[in-house]
Amino acid sequence: MGSLRNSKTLHDLFVQEKPLFPIIQHSPTSPMNEDLLSAISYCTFVFTFTDPLESPAQRDSKRIQLSRIISILKSSKKPLQHRILAPLISMIQANLFRPLPPPANNPSSSSSSSSSSSSVCELAEDEDPVSIFSPVWSHLQIVYEILLRLVITIDYEALRVYMDQSFLLKLLSLFQSEDPRERESLKNVYHKIYTKFITDRSFMRKSMKDVLLNHVFEIERHPGIAELLEIWGTIINGFTVPLKEEHKLFLMRVLIPLHKTKGMQVYHRQLAYCVSQFVQKEPMLGAVVVRGILRYWPVTNTQKEILFIGELEDLVDNIDPDQYRKLALPFCTQITKCINSWNSQVAERALYVWNNEQFVKMATTGMVEVFPVIVEGMERNLKWHWSKNVRQLTESVKVMLEEMDPELYTKGLIDMQNKQAEAHQLDIRRKKRWEILELEAAKNKFLNPQRSICVSH
């Protein structure tokens with residue numbers, strides 16, 4: 001440091017040869033620079049807010065110094081020079097890149113009893129994640145403001161000297177923070193960096209994709225998936241048509257499998273937006289998406305079922321009509337299963353899908369195959385469902401279907417009755433066969449043996 005401060009020739013060298021970073025025009029020893037360096041040096045010390053030996057007055061003093069830094073950066077009309085930018089980035093790294101506390105509600109962290117752990121995980125799947133508000137946020141909030149200010153105002157060439165790929169990976173790891181305020185600030189910073197660092201976009205996309213894949217196949221819980229998907233939503237929105245093969249693979253291998261994860265309800269809105277962006281850009285992808293969602297359809301989680309039904313209904317509006325014929329039967333079969341669900345919310349949500357004109361249009365493209373499945377589901381609800389509201393909605397849909405094609409609906413009823421009669425006859429024949437077998441067994445004294453055989457060594 002002494003050689004830098006006392007060497008005037010080194011400063012001249014930077015001015016004469018094109019510097020890698022912008023240099024401020026006033027002297028390096030200006031009072032503003034010295035004050036800024038002093039504040040940066042003071043803020044490099046990190047408070048944990050958990051150590052009882054830490055002074056509250058010193059914590060507050062650091063917050064004031066951080067506020068001074070952001071105030072100076074906002075008021076300055078000239079670019080920062082290297083001797084300011086380097087320690088400033090170091091201070092940001094010291095405050096942000098820290099070990100994060102363990103998750104507050106991570107039942108699978110204990111490996112002592114796998115059976116009890118898995119049962120707890122099942123119970124926790126429907127629960128909302130617990131947000132932990134870090135006491136360090138009073139400092140971190142300003143540090144993120146400083147970082148965002150640098151990303152917005154400093155040239156890419158100057159930033160890239162300090163924010164290399166290692167820096168970006170460390171920044172990405174902070175999405176595991178339990179504090180939603182930090183993840184929100186981090187999302188804004190990371191997206192700004194993606195916008196500015198054009199040459200690093202491919203690396204940043206791959207890094208985010210790796211985090212999502214790790215969540216799907218390795219780590220069940222990751223607090224920052226929603227924020228990462230929000231960033232992806234803006235990225236996908238900027239993809240050009242026709243889509244690259246790399247981007248289609250991201251849809252099929254990452255976004256669709258994300259539907260099967262536990263706790264998917266937390267980020268389903270962002271996930272559905274990303275998927276819909278792909279289908280809007282290339283409607284032919286609708287068939288791949290629908291089949292993928294049907295493959296991961298939840299069996300016991302009713303809240304996920306309701307979300308899936310809504311996502312499928314939204315997708316119908318963007319699917320290529322040429323795909324309707326192929327999708328009609330699997331789509332309507334799953335909706336009919338949901339209509340017959342004993343959970344009234346799932347059944348009602350599925351019945352309301354029939355108000356969607358595009359869904360009805362898709363169903364009509366495969367009337368011959370679809371109607372027998374739908375008719376059986378309608379009649380089963382009217383006869384067996386416990387909910388009065390579900391039965392009333394079912395009756396309304398039945399009236400609509402009968403108006404669409406009375407002959408086909410009547411044929412579906414006849415086929416259903418014949419199918420039930422045939423099943424009844426098979427049941428009678430099966431019972432008779434068992435009775436004959438029991439009689440034969442009684443005759444041969446297999447059911448009530450007179451003596452037992454004991455085998456001993």
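The values are calculated or read from the model by the stated rules, or taken from the named source; none is laboratory data. Remember, predicted model here, so these are calculated numbers, not experimental data. As a convention, Cβ positions derive from the backbone with ideal geometry for all residues, glycine included, and neighbour counts pool all protein chains shown. Ligands, DNA and RNA are stripped out before the accessible areas are found, and what is left, the full protein with its side chains, is counted by its heavy atoms. Shrake-Rupley method; radii C 1.70, N 1.55, O 1.52, S 1.80 Å.
Only residues in region 374-392 that are surrounded by fewer than 18 Cβ atoms within 10 Å (Cβ to Cβ) count as the first member; pair them with residues that are at pLDDT 90 or above and β-branched (Val, Ile, Thr), Cβ under 6 angstrom, at least 6 apart or cross-chain, and list the lot.
Between residues of region 374-392 that are surrounded by fewer than 18 Cβ atoms within 10 Å (Cβ to Cβ) and residues that are at pLDDT 90 or above and β-branched (Val, Ile, Thr), the close pairs are Leu382/Thr394.
List, please: which pairs have Cβ atoms under 6 Å, are six or more places apart or on different chains, and start with a residue in region 75-91 that is within 16 Å of Phe45 (Cα to Cα) and end with one that is among the basic types (Lys, Arg) and assigned to a helix (DSSP H, G or I)?
Listed by first residue and then by second, the contacts come to nothing, as the list is empty.
Being open to solvent by 60 Å² or more (accessible area, probe 1.4 Å) and either over 28 Å from Thr394 (Cβ atoms) or in the same structural domain as Val390 (by the TED database) (or both) is true for just one of Arg253, Arg295, Arg291. Which residue is that?
Testing whether each residue is open to solvent by 60 Å² or more (accessible area, probe 1.4 Å) and either over 28 Å from Thr394 (Cβ atoms) or in the same structural domain as Val390 (by the TED database) (or both) leaves just Arg253.
Could you please give the count of residues in region 232-288 that are in contact with an Asp or Glu (Cβ under 9 Å, 6 or more places away or on another chain), of a type in the set (Gly, Ala, Ser) and within 27 Å of Pro321 (Cβ to Cβ)?
The total comes to 4.
For region 333-349, does any single residue satisfy the condition of being part of a helix (DSSP H, G or I), closer than 24 Å to Ile306 by Cα and open to solvent by 80 Å² or more (accessible area, probe 1.4 Å)?
Within region 333-349, one or more residues are part of a helix (DSSP H, G or I), closer than 24 Å to Ile306 by Cα and open to solvent by 80 Å² or more (accessible area, probe 1.4 Å).
Any idea which of Ser177, Ser173, Ser185 is touching a Leu at 6+ places or on another chain (Cβ under 7 Å) and small (Gly, Ala, Ser)?
Ser177
With the condition being touching a residue at least 40 places away in the same chain (Cβ under 8 Å) and more than 30 Å from Lys78 (Cα to Cα), I'd like the helices (runs of 4 or more DSSP H) fully within region 140-244 carrying at least 2 qualifying residues.
180-196, 201-217, 225-237
Residues Ile231, Ile236, Ile256: which one is among the β-branched types (Val, Ile, Thr) and farther than 19 Å from Asn188 by Cα?
None of the others qualify; the one that does is Ile256.
Return the pairs, sorted by first residue and then second, in which the second residue is open to solvent by 60 Å² or more (accessible area, probe 1.4 Å), the first residue lies in region 39-63 and is in contact (Cβ under 8 Å) with a residue 60 or more places away in the chain, the beta carbons are less than 6 Å apart, and the residues are 6+ apart or on different chains.
Phe49/Pro135
Listed residues Leu100, Leu73; which is in contact with a Leu (Cβ under 9 Å, 6 or more places away or on another chain) and not in a helix (DSSP H, G or I)?
The match here is Leu100.
Quick check on region 223-233. Is at least one of its residues of a type in the set (A, V, I, L, M, F, W, C), out of contact with any Leu (no Cβ under 9 Å at 6 or more places or on another chain), at pLDDT 95 or above and open to solvent by less than 20 Å² (accessible area, probe 1.4 Å)?
The answer is yes, given that some residue of region 223-233 is of a type in the set (A, V, I, L, M, F, W, C), out of contact with any Leu (no Cβ under 9 Å at 6 or more places or on another chain), at pLDDT 95 or above and open to solvent by less than 20 Å² (accessible area, probe 1.4 Å).
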